[in-house]
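Engineer: I have a structure here, written as structure tokens, and I will follow up with some questions on it.
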Amino acid sequence: VTRKVRVKVQHILPLVGIFTVLGILWLVRGFAATGSRALEAEASTRSGSQPVVADSSASGDSLVRLNAASQAAGKPRMIVMTDGEIDDTDSFVRFLYYTNDFEVVGIVATNSRWQQNGHGRGWIDSLLDAYAQIRPNLILHDPAYPTVEYLRSKVAIGIEDVNTIWGTPPFADTPGSELILNELRKSDPRPLYINAWGGSNTTAQALYKLKNMHPTEYAAAASKAKFFTIHSTPEGQDNGWKWIGDNIPETETIVNFSYNGTWDYWGDKNP
């Protein structure tokens, strides 16, 4: 009898092991799903987005992320100024992947001390062509990605005159400087985030004209501008950033001189 029981136990043990492993896998899957939902909820809370139940007939995940701030009033306004240098083209590709998170109100081509004649808008349109190809997939994850037609409508040429790089306003008006001026003058109370990946003179011209041509609007409008400029030398990429700092105290100016923990313009001086 003992031998028969031992044989039966030996037959049963592999089954017990299999069911034990399956049970553990089931528990792990449950914990993972709970953790995923918790992370999703936390991310939604932090980013202002919320899950939306997808069409039950749709394939893939049953939830899609829809930016709760898809209405323009809830998003930060963003203007990018770029000289089209290779680091800027890389940044522009990355920028397009985040256009669901802010309202793009301007894409302005400029020059800089390193790209003194600028690069126009041809390279921008080329990357927008590529964005148009992938947007159908992007909107599966967030319908808030703007259309390529909308983004094209926001492209403007700013200052690309080599003779202005170390000058100070007033400069000649450009479609880019007028775009910035018009956005500043809008009644929209949201901050206007202006990124200078290249030169700053186009923004300097817009703020100069705001101060001198629209004095009653100036203080309130200039205070909405949050100006972020990337440097490559202590002199900057042109003289605009310094002029803004000296003459437009209402505008918050952030000068990013180098990049701690990643690549930077000064190499081993600030690795």
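Each value in this text was obtained by applying a stated rule to the coordinates, not by laboratory testing. Remember, it's a predicted structure, so these values are computed and weren't measured experimentally. Cβ: placed from backbone, ideal geometry, glycine included. Neighbour counts: every protein chain shown.
Engineer: Within 10 Å, count the other beta carbons around each residue, average over each peptide in 193-200, 121-128, and list them highest first.
Structural biologist: Top of the packing list down: 193-200, 121-128.
Engineer: By how many nm would the segment from Thr89 to Ile254 lengthen if fully extended, with 0.36 nm per residue of separation less the alpha-carbon distance?
Structural biologist: Additional length available on full extension: 57.2 nm.
Engineer: Report the label-to-label distance for Ser223 and Ala172 in nanometres (one decimal), using points 7 Å from each Cα along the Cα→Cβ vector.
Structural biologist: Between Ser223 and Ala172, the simple spin-label model gives 3.6 nm.
Engineer: Under the classification rounded if a/c is under 1.5, otherwise prolate if a/b is larger than b/c and oblate if not, where does the stretch 90-195 fall, given a ≥ b ≥ c as square roots of the Cα gyration tensor eigenvalues?
Structural biologist: In terms of gyration-tensor shape, oblate.
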